1. How large is the translational diffusion coefficient of region 1-82 in µm² per second when you combine the Kirkwood radius over alpha carbon pairs with Stokes-Einstein at 25 °C and 0.890 mPa s?
2. At a temperature of 20 °C and a viscosity of 1.002 mPa s, determine how fast region 1-139 diffuses translationally according to Stokes-Einstein, using the Kirkwood radius over alpha-carbon pairs as Rh; express D in µm²/s, rounded to the nearest whole number.
3. Based on the mean of other Cβ atoms within 10 Å per residue, sort peptides 70-79, 123-132 so the most packed one is first.
4. Roughly how many whole Å is it from the C-alpha centroid of region 75-134 to that of region 39-54?
5. Based on the mean of other Cβ atoms within 10 Å per residue, sort peptides 43-51, 154-162, 18-26 so the most packed one is first.
6. Which number do you get for Rg(Cα) / (2.2 N^0.38 Å) in region 73-137?
Amino acid sequence: MVDQQVNSEIEWVDIVDENNEVIAQASRQQMRAQRLRHRATYIVVHNGMGKILVQQRTEGKDYYPGWMDATAGGVVQSGENMLESARREAEEELGIAGVPFADHGLFYFEQAACRVWGGLFSCVSHGPFALQESEIASVCWMTPQEIAERCDSFTPDSIRALSLWMARNSDGEAPALCTRCGEVDASQPPQGATPAVDADPAEPGARD
C-alpha cells in the first residue's frame, strides 16, 4: 500500500489505527488523498489574559485553505513524538521557541476531511511572531466568545481542540464553542475568514 522509497523531498507521516498504534507510513499527499488516520498536534497559543492567537491559513494549504485556525500545530512527521512535533510546528509557524508547553492529553477527531489523533498542548506567548509565509497569511488575538461567534469560518478540528482545552482547564464543564464542527464542508469557502475589525492584531516581528 505504501511506497517506502526514500525521498528527502517527501514528508512521511505515521499512519495509525483506531487505538493510535502505528501500522504504516505514507506520504502526506497519500494520507490526504486516502483520508488515512494519522497524528497531529494542536497548540493553543494564548496571552494569559483571556485571548487566543488565531491564524488565517494561506490559500496554498492542502487542508482547509483560507480558513481560520484556533490553534497552531500540524501533522506529526514519521518518528516524531507529539511534544517534539508541537515544538517544531510552533517554531516553524510562529517563531515560538524556548517557552514551556503544557500537555493536555490526546483526543480523536473524525469527519469527512480527516481522521486524526490529536495531541493537545498550550503555551503562553505575547509575540512578536515570525510567521511562516507559506502556511499563515495573518494572525490576530481573539477571545473564545469572538471565536464562537464566527466558528463557521474556523477549521472544525481546531475548534474541537480549543473546546477541549477550555473544558480541561475549567472547574466545571465548559460549553462547546460550536455545535456544527462535524458538518462543515471543507470544499466550500469559509464564511467571513478575514479577521474581525475589532480583533486585536498580533504584530509579526522577530522570533521570541
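Since every read-out is calculated from the coordinates, none of them should be taken as a lab result. Keep in mind it's a predicted model, so treat the numbers as computed, not measured. All Cβ positions, glycine included, derive from the backbone under ideal geometry; neighbour counts span all protein chains shown.
1. Numbers: Rh = 14.4 Å.
It diffuses with D of about 171 µm²/s by this estimate.
2. On the way: Rh = 15.6 Å.
Reported coefficient: 137 µm²/s.
3. On the way: 70-79: 22.7, 123-132: 18.3.
The most tightly packed comes first, giving 70-79, 123-132.
4. 9
5. Values: 43-51: 18.2, 154-162: 26.7, 18-26: 13.3.
Averaged packing, sorted descending, gives the order 154-162, 43-51, 18-26.
6. On the way: Rg = 12.7 Å, N = 65, 2.2 N^0.38 = 10.7 Å.
With N residues counted in region 73-137, Rg over 2.2 N^0.38 Å equals 1.18.
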